[in-house]
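What follows is a short report on a single structure.
The values are calculated or read from the model by the stated rules, or taken from the named source; none is laboratory data. The structure presented is a predicted model; accordingly, all values stated were derived computationally and were not measured. Positions of Cβ are generated from backbone atoms using ideal geometry, with glycine treated the same way; all protein chains shown enter the neighbour counts. Note: areas computed on protein heavy atoms with side chains; ligands, DNA, RNA excluded. Shrake-Rupley method; radii C 1.70, N 1.55, O 1.52, S 1.80 Å.
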Amino acid sequence: MDYLEIVGGKKLSGNVTISGAKNAALPIIAATILSDKEVTLTNLPNVVDIRTLLKLLTMLGGTVDHDKTIAKINNGSITSTKAVYEIVSQMRASILVLGPLLARFGECEVSLPGGCAIGQRPIDLHLQALEEMGAHIEIKGGYVRAEAPNGLHGAKIIFDKITVGGTENIVMAAALAKGTTTIINAAKEPEVVQLCEMIRDAGVKIEGIGTDELTIEGTDRKPLTFKTVEIIPDRIEAGTYLCAGAITNSTITLNKVNHKHIRASIDKLEHMGCTFDMEDDSITIHPTQTLTPVNLITVEYPGFPTDMQAQFMALAVMAKGESLIEERLFENRFMHVSELNRLGADIWLKGSTAAVKGVEKLYGADVMATDLRASSALVLAALIAEGTTNVRRIYHLDRGYDDLEGKLSALGANIVRKKESK
């Protein structure tokens, strides 16, 4: 098993290019099921989750020609509509094949995704919405078995709570349904927006893109023909590298970013004393010698993203004073607290709020990653810890960060990937 060995205290400088967004690429890969023709995707991040979902398409009978950042996908040859536990258990986002498989083929079996380290993420809202669109659904043997032999029909879907995956699944299902589907309380994340734009550009009429109310006029099971899709930049990767500049008191430039998508992170970093220069698709962070404490609450886009909470907690550890961080979206997303405290942080938990008291120094130690974003928080803390930090279980990192150690090394960090001795 690989781990990262990081010697702290190195100043960073230079440029880093932001990769495509994993969370945009996954639903877009799933959406290719809506077509029986070849679809080309570009700017894919070179991460494990992308390879896992592409493998699922080949297991269904589709063909995939994948070379790092480009994939040519043809799902005209799909022979199976069963997404097996072997794949879905590796990545919850595999549930995104449910809507397009059901809409195109009238039936499918998708393994229940099971547990998640950061908290419960049930799919009941997905299933309830598909039932309202005419699907018959039963859960048996650990699988969701869905049937709509005469196709899905349009419906008015009102989500009780905002669900990114649920919105994406229903947008895809509605694209091949008969009639008009309206989604109330839809997610507005940039990743949802790009999925809607992809389907709209294939000829499906979608109104309200980027708002909390979407209206989709379906094609009544007529497969779509997609144009080439370039995946948007990863806003969470961009925010992570901005935090790397801030925590190491370094000036670094990020290329290929969308400023609007990372506005919430920029606002909080400005509050902490950082300043920025912005060009069309680049941003340079100029950090402050003294970080100001920050209070933040995780909410749905365009609010502060839960996927940046751990990284900002690492940053708050070095602020002069006490920061309060409230996690409203996932109940178990503070598992990095105990590991940060192993490095010398002073963090106290009470329910869904963490109180972070700034410290003068962190000290290298062995730490263990517990989930994707917690992993990056430990890397950030290790960059300024005195001595050597070994970050273990970095398979979490590999799921969502494209060559993290390579990009940080190019900026001047002392970071090396090593293998555990047997």
Exercise. Of a type in the set (G, A, S), without any contact (Cβ under 8 Å) to a residue 40 or more places away in the chain and under 30 Å from M368 (Cβ atoms): does that describe G344?
Worked result: no
Exercise. Hey, any hits in region 294-303 for a residue that's touching a strand residue (DSSP E or B) at 6+ places or on another chain (Cβ under 8 Å), over 20 Å from W348 (Cβ atoms) and among the small types (G, A, S)?
Worked result: yes
Exercise. Which of the residues that make up region 39-56 are in contact with a Phe, Trp or Tyr (Cβ under 9 Å, 6 or more places away or on another chain), open to solvent by 10 Å² or more (accessible area, probe 1.4 Å) and closer than 12 Å to D402 by Cβ?
Worked result: V48
For this session: Report yes if E213 is at pLDDT below 95 and out of contact with any Asp or Glu (no Cβ under 8 Å at 6 or more places or on another chain), otherwise no.
Result: no
Problem set entry | Unmet requirement for F276, which otherwise passes all of (1) among the aromatic types (F, W, Y); (2) more than 30 Å from I157 (Cβ to Cβ); (3) surrounded by 19 or more Cβ atoms within 10 Å (Cβ to Cβ) | (3)
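Need at least 1 residues that are touching a Cys at 6+ places or on another chain (Cβ under 9 Å) and at pLDDT 90 or above per element, so show me which helices (runs of 4 or more DSSP H) inside region 339-410 make the cut, counting only ones lying wholly within it.
372-384
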For this session: Test each condition in (1) within 22 Å of V48 (Cα to Cα); (2) modelled with pLDDT under 95 for V416 and report the one that comes out false.
Result: (2)
Problem set entry | Single residue of E360, E327, E386, E322 found to be under 20 Å from K268 (Cβ atoms) and open to solvent by 40 Å² or more (accessible area, probe 1.4 Å) | E322
Exercise. Out of all the residues in region 389-421, which are at positive phi, open to solvent by 60 Å² or more (accessible area, probe 1.4 Å) and of a type in the set (G, A, S)?
Worked result: none
For this session: Filter region 359-388 down to residues that are over 21 Å from E420 (Cα atoms) and either out of contact with any helix residue (DSSP H, G or I) (no Cβ under 7 Å at 6 or more places or on another chain) or acidic (D, E) (or both), then give me how many there are.
Result: 6
Problem set entry | Which listed residue is in contact with a His (Cβ under 9 Å, 6 or more places away or on another chain) and not acidic (D, E), from G154, G141, G179 | G179
For this session: Confirm whether S282 is among the small types (G, A, S) and open to solvent by 10 Å² or more (accessible area, probe 1.4 Å).
Result: yes
Problem set entry | Top-ranked residue in region 181-222 [being polar (S, T, N, Q) and touching a residue at least 40 places away in the same chain (Cβ under 8 Å); ranked as farthest from V164 (Cα to Cα)] | T219
Exercise. Can you pull out the helices (runs of 4 or more DSSP H) entirely within region 1-95 that have at least 2 residues that are at pLDDT 95 or above?
Worked result: 22-31, 48-60
